[in-house]
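All remarks here apply to the structure that follows.
The values are calculated or read from the model by the stated rules, or taken from the named source; none is laboratory data. Since this is a predicted model, take the numbers as computed values, not measurements. Please note: Cβ atoms are built from the backbone with ideal geometry, for glycine as well, and neighbour counts cover all protein chains shown. Protein only, heavy atoms only, side chains kept; ligands, DNA and RNA dropped before computing areas. Shrake-Rupley method; radii C 1.70, N 1.55, O 1.52, S 1.80 Å.
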Amino acid sequence: MSQKPQVMVVDDDLAMCGFLRAFLGSRGYSALTMTNAEDALRRFHQERPAAVLLDVVMPGSMDGLAALAAFKKIDRDVPVIVISGQGRTNTVVQAMKLGANDFVCKPFQDEELEILVGNALKQRQLSQEVATLRDQLKEHSKYTMLFGNSERMAEVRDLIHRVSDTDVTVLIRGESGTGKELVARGLHEQSLRKDKAFVKVNCAALPTELLESE
């Protein structure tokens, strides 16, 4: 039996929490309700819910928008639907800039929220599938570009994996024939620039005065 997707509800209105708990339960979801952002953030670390329904105005030192930013720092792909009785344009814009999937004003229609939650969870599933496929491609690339199962080769592949997602300049050193270009190609294929061209420049063949411009 598959586990029900867990949706975190963060709202200081106990009646709204009760309603959303029943609403989500009747649609096949597991609901975790929290009444303040600080406690919600702690539970988010532990539970890693599939989606969040988040109120904007909350008691304490952290409001809904601050909580939204904090959730996204922990898990940038988690879908967050902001629910608020204040539908002011600047609040909506702020929420969207911080990564909210949707913004719903109270009172809302049950069907509207049901569609939004369903779409958010589908998007989450697609993101996870894409991440899994990307990891599989990375593994495939590593073992087709760089052969060998020795301890030193394992260290090289591990270093490529750790560096590839960072935006830093990498200097690859080694004697001729040791595989510097293979390492460079491995870094490129696993980096955020993998869809761009891999360009080789033979610095030794360029005059000194042209090297920098090239």
Hits in the stretch 175-208 (condition: in contact (Cβ under 8 Å) with a residue 40 or more places away in the chain and open to solvent by 50 Å² or more (accessible area, probe 1.4 Å)): ARG185, GLU189
Residue match in the stretch 32-42 (condition: under 21 Å from the mean Cα position of the chain (by Cα) and farther than 19 Å from ASN101 by Cβ): yes
Check on PHE108, without any contact (Cβ under 8 Å) to a residue 60 or more places away in the chain, open to solvent by 20 Å² or more (accessible area, probe 1.4 Å), aromatic (Phe, Trp, Tyr) and not in a strand (DSSP E or B): yes
Qualifying residue in the stretch 95-113 (condition: at pLDDT below 90, within 18 Å of the chain's Cα centre (by Cα) and of a type in the set (Lys, Arg)): no
